[in-house]
Amino acid sequence: MKSKTQHVLVEQIKARLANCEDIVYQSLRMHGAKCELIYIESIVDLIVLHEHIISPLIKETALVQHHLIDFVDRMDRGDLLSIPFKRSSDAEAIANMIVEGRAVFIVPSVPEAYLFDIVLYQKRAVSESQNELVVNGPQEAFIEDISTNLSLLRHKIKHTDFKTVRYQIGSYTKTEVYLLYVEGLCKPEIVDQLDQQLKNIAIDGTFGISTLSEHMKEGVKSPFPQFQYTERPDSVAASLLEGRVGIIQDGTPSALLVPVTLMSLLQSSEDYYHSFFSSSWMRMIRFLFAVLSLLMPSLYVAITTFQPSIIPTDLLITIAASRENIPFSALAEAMIMELTFEALREAGTRIPKPVGQTISIIGAIVIGQAAVEAGIVSNPMVIVVSITGIASYIVPHFELGLAFRLLRFPILILGGTLGLIGVFAASFLVFGHMASLRSFGTPYLQPVAPFVLSEWKDTFLRAPSMLMKKRPKSYAAPNHLRRQKP
């Protein structure tokens, strides 16, 4: 009866895996009984399979003095095979485990199948960060394999309070996702909120961690990022020690960090690998050009169109002379150049990497020069748009830079139609929106609004490390605001 039941189990598994030609069904005769070993050759570790499963089973067949019952008892006790296993009698669950990379061994006299986790997907080696380059500090970056990413983080945080909670998301892809936090340092309500959101995500599949962020985003109508993306393990480890929470997904070489503030998005990991003098200077430059990337074209258009009197006379004469034969208004001129620059930027990301940057830079120079010679745009406008484009690259996080690029156009239109009043009104609207925005309960503009003086040591300037003895109130749990000594 048991043999018949087991035969039905094998047929049920084969029925669920029909038309899957890459599945291997290997028959092994164990003490007079026909056993089945089922696996997918391309996603299992073949060395482990042959050395720790097949070879011991083949040696077992030579022991004629053993009976099948003795063989099953030795299997159950773990005396025969050196690798761990689980057991299941659910045909659908077994089929799902096979396509996830498990090897299944079925013995006719046993109603449950033996499941061995020997998955081995192809993966690339750990490489340098491509989008968050630093001169000093670690150079390693996450890859698509989630086990490797976890090992990189475990290498940096060696503490029992470092917790990893596993989820499986996607009814078809069954993608592994981990929630990362240091127990006691982060706010429990943030962990509970993320836990519920991850459990409630019901989608067919996810191939990028940005899909998860869209399902967990609180302010759907906001262009500003409410998650911080990073591909650097050291950034994730440092953020976890500050009291933030991380999310990593299998197949994605980046992690999500929450909560997030505007100030954290304008900080770079390199700020903490240089002296506080150098870091503070670079951070001030970054803040200045981040504002310029948002407002510079609109300010130029508004001033030259509506308030030219505030421009020094010599400079005003130069600008007027350069625009003498231009057939377009300053607003139309700026829109043409901005859209052209955006097209060149997008084309640079699609062109193969060895020639992408060269073509985008040379294209901007050639098109700008040709446009000036043809009398379509003026020299000052080319300079303004070029400085704006360079400033947008200074923003360390791509999602924040993209938000500034999107907002630049409506502010430009208001500046070209209403003058400085339109620019100031748009600026106040953007500031008000950010002031009302919250990322998992944390005000987006903290410590500026609301004002938290103790956190200004690591905002516009970076104070020496010995003065930053407390964790940010924005992230850490109230009872762990003070940093622990290493």
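Quick note: the coordinates plus some simple rules give every number you see, no bench work behind them. None of these values were measured; they are calculated from a predicted model. Cβ placement follows ideal geometry from the backbone for every residue including glycine, while neighbour counts extend to all protein chains displayed.
What to note about this one:
- Prolate/oblate/rounded label for region 163-203 (Cα gyration tensor, a/c 1.5): oblate
- Rounded if a/c under 1.5, otherwise prolate or oblate - region 115-195, Cα gyration tensor axes: oblate
- 5 angstrom amide H check on residue 35, placed H, neighbours 5+ away: 28, 29, 30
- Proximal aspartates and glutamates to residue 457, defined as alpha-carbon separation beneath 19 angstrom and excluding residues fewer than eight positions away on the same chain: 242, 270, 271
- Cα extents for region 392-448 along the principal axes, largest to smallest and rounded to whole angstrom: 37, 25, 15.
- Within the chain: Cβ-based charge dipole about Cα centre, in debye rounded to nearest 20 (Lys, Arg +1; Asp, Glu -1): 1220 debye
- Shown here is the pair-distance distribution of region 230-312: with all Cα-Cα distances grouped in 5 Å bins from zero up to the longest one, the shares run 3, 11, 16, 15, 15, 12, 9, 7, 5, 5, 2, 0 percent.
- P(r), alpha carbons of region 62-120 - 5 Å bins starting at zero, rounded %: 4, 17, 27, 23, 16, 8, 4, 0
- Selection of chymotrypsin sites (Phe, Trp or Tyr not before Pro), region 402-451, meeting DSSP coil and at most 11 other Cβ within 10 Å: 451
- Helical segments meeting 15 Å axial Cα length and Kyte-Doolittle 1.6 threshold in the chain (DSSP H): 420-436
- Shape descriptor for the chain: Rg over Rh equals 1.12 (Cα atoms; Rh from the Kirkwood inverse mean 1/r).
- Farthest positive-ward along region 172-319 dipole, Cα basis, beta-carbon charges - from 179, 272, 203: 272
- Seen from all directions on average, region 44-161 presents a Cα convex hull projection of 10.9 nm².
- Neighbourhood charge, 15 Å Cβ-Cβ cut-off, centred on residue 460 and excluding it, Lys, Arg +1 and Asp, Glu -1: +1
- Here the ratio of the Cα radius of gyration of region 76-224 to 2.2 N^0.38 Å is 1.32.
- Convex hull of region 189-277 built on C-alpha atoms - directionally averaged projected area, nm²: 6.8 nm²
- At 1.306 mPa s and 10 °C, Stokes D of region 380-486 from Kirkwood alpha-carbon radius, µm² per second: 95 µm²/s
- Sequence ranges 154-165, 371-382, 96-107, ranked by mean other-Cβ count within 10 angstrom, highest first: 96-107, 371-382, 154-165
- Protection proxy ranking for 221-234, 12-25, using the average of other Cβ atoms within 10 Å per residue and placing the highest first: 221-234, 12-25.
- Cα gyration tensor shape for region 184-224, rounded if a/c is under 1.5, else prolate or oblate: oblate
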